[in-house]
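J.: Supplied in structure tokens, the structure appears directly below.
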Amino acid sequence: MRFSQMPANKRIVVSYALCPDMLGSGFGTAHHDAFLHLKDAVNDAIAHAENVHVTCPRGTDYTGQPQLKLTPGSDTSIRRFPMSVPTPIPAHSFSGRVAMPGFLTGTGSQYYTPYSVEFQGEVYALFEHGRLTGFEGDPESVAVANRHYDHVATSLGIDRDFVHSWHAGIHPGCGFPGTARDSYERWGGSGFGNPRVLHFHTCGSYAPGEISWNVIDPTVTVDGVKLWDNGRLRIDNLKESNALMDMFPCAAQVFANPDDRIGL
Ligand SMILES: [Fe+2]
């Protein structure tokens with residue numbers, strides 16, 4: 001219901017802690033303010049960067065100059081708990097390729113059938129300045145990807161090749177119990193908060209789009225400094241981190257003991 005119409009003048013809070021175990025873990029118990037501050041610090045680092053380069057072990061490789069305008073309207077007005085992602089970075093100033101982790105799935109915006117497709121072989125999405133230019137890799141899997149985009153775009157009447165924006169998880173306590181394959185709908189509603197996952201909003205000229213690309217264990221290099229390194233958020237590379245971790249030992253604990261379960 002995160003993207004549903006909500007009544008005005010109500011305080012809406014969306015919980016990404018999907019079960020009592022997640023609520024009771026470091027994900028639900030580290031101080032919320034720590035991750036609000038952390039989100040601002042990450043946003044700030046990216047907004048001021050000249051160059052961001054993203055890679056992953058599977059072969060993701062894209063780059064660009066972020067055009068992140070941090071205005072109050074640039075993010076969702078609904079309050080989120082826990083805060084697990086920074087503001088999406090517009091994709092129109094980025095180009096390159098993204099390695100799929102063996103599937104495509106939805107974004108939680110609308111629920112269509114099939115909600116996900118799986119690949120037998122490697123698939124890379126190629127994009128230029130925020131437009132999908134094609135898929136590359138195992139021919140059968142590439143055909144599956146193309147058919148899925150055709151189907152979702154046609155049935156919803158949306159811009160098929162629009163690549164809207166991307167962001168990566170900032171909450172190392174965000175461990176996903178179970179496997180993504182058991183329910184991609186459930187996985188896509190929470191798993192993205194782990195720093196081991198970076199996702200794109202694609203298909204449709206709006207956030208969050210209707211199809212997500214998920215990059216596993218991303219390395220995000222911001223002006224030559226690794227802000228995520230192989231799926232770890234390097235808070236030591238943020239100038240605010242010492243003060244933040246001193247103020248919130250509960251958050252420091254979560255960073256010292258990251259939960260690596262991402263359901264894959
Ligand atoms: Fe997102």
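The values are calculated or read from the model by the stated rules, or taken from the named source; none is laboratory data. Model, not experiment: these values are computed from the prediction. Reconstructed Cβ throughout: ideal geometry from the backbone, glycine too, with neighbour counts over all protein chains shown. These area figures cover heavy atoms from the full protein model, side chains too; ligands, DNA and RNA do not enter into them. Shrake-Rupley method; radii C 1.70, N 1.55, O 1.52, S 1.80 Å.
J.: Check Thr219 against each of (1) surrounded by fewer than 18 Cβ atoms within 10 Å (Cβ to Cβ); (2) of a type in the set (S, T, N, Q); (3) farther than 23 Å from Gly106 by Cα and name the one condition it does not meet.
T.: Going through the list (1) surrounded by fewer than 18 Cβ atoms within 10 Å (Cβ to Cβ); (2) of a type in the set (S, T, N, Q); (3) farther than 23 Å from Gly106 by Cα, Thr219 breaks only (1).
J.: Hey, can you tell me all the residues within segment 174-183 that are outside any loop (DSSP other than H, G, I, E, B) and either within 15 Å of the ligand (Cβ to nearest atom) or open to solvent by less than 10 Å² (accessible area, probe 1.4 Å) (or both)?
T.: Listed by number, the list holds a single entry, Ala180.
J.: Determine the pairs where a residue that is within 16 Å of the ligand (Cβ to nearest atom), located within segment 106-118, has a partner that is basic (Lys, Arg) and in a loop (DSSP other than H, G, I, E, B) with Cβ atoms under 8 Å apart, the partner being 6 or more residues away or on another chain.
T.: Gly108/Arg2
J.: Moving on. For segment 141-173, give me each residue that is aromatic (Phe, Trp, Tyr) and either within 16 Å of the ligand (Cβ to nearest atom) or open to solvent by 10 Å² or more (accessible area, probe 1.4 Å) (or both).
T.: Phe162, Trp166
J.: For segment 121-133, state whether one or more residues are free of Cβ contacts under 8 Å to residues at least 24 places away in the same chain and surrounded by 15 or more Cβ atoms within 10 Å (Cβ to Cβ).
T.: Scanning segment 121-133 turns up no residue that is free of Cβ contacts under 8 Å to residues at least 24 places away in the same chain and surrounded by 15 or more Cβ atoms within 10 Å (Cβ to Cβ).
J.: Quick check, is Phe135 within 16 Å of the ligand (Cβ to nearest atom) and either under 28 Å from Leu244 (Cβ atoms) or not in a helix (DSSP H, G or I) (or both)?
T.: no
J.: If Ala251 meets every condition in (1) surrounded by fewer than 24 Cβ atoms within 10 Å (Cβ to Cβ); (2) more than 16 Å from the ligand (Cβ to nearest atom) apart from one, which number is that one?
T.: Going through (1) surrounded by fewer than 24 Cβ atoms within 10 Å (Cβ to Cβ); (2) more than 16 Å from the ligand (Cβ to nearest atom) one by one, Ala251 breaks only (1).
J.: Which residues, taken from segment 231-248, are under 15 Å from the mean Cα position of the chain (by Cα) and open to solvent by 10 Å² or more (accessible area, probe 1.4 Å)?
T.: Scanning segment 231-248 gives Arg232, Leu233.
J.: Which pairs turn up if I take residues in segment 164-189 that are on the phi > 0 side of the Ramachandran plot and look for partners that are part of a loop (DSSP other than H, G, I, E, B) and more than 16 Å from the ligand (Cβ to nearest atom) with beta carbon separation below 8 Å, at least 6 apart in sequence or on another chain?
T.: Gly178/Gly263
J.: Of all residues in segment 78-95, which are outside any strand (DSSP E or B), within 15 Å of the ligand (Cβ to nearest atom) and of a type outside the set (A, V, I, L, M)?
T.: Pro82, Ser84, Pro86, Thr87, Pro88
J.: While we're here: Of a type in the set (D, E, K, R), open to solvent by 10 Å² or more (accessible area, probe 1.4 Å) and more than 16 Å from the ligand (Cβ to nearest atom): is that true of Arg186 in this structure?
T.: no
J.: Yes or no: Val98 within 16 Å of the ligand (Cβ to nearest atom) and buried (at least 18 other Cβ atoms within 10 Å of the Cβ)?
T.: It is true that Val98 is within 16 Å of the ligand (Cβ to nearest atom) and buried (at least 18 other Cβ atoms within 10 Å of the Cβ).
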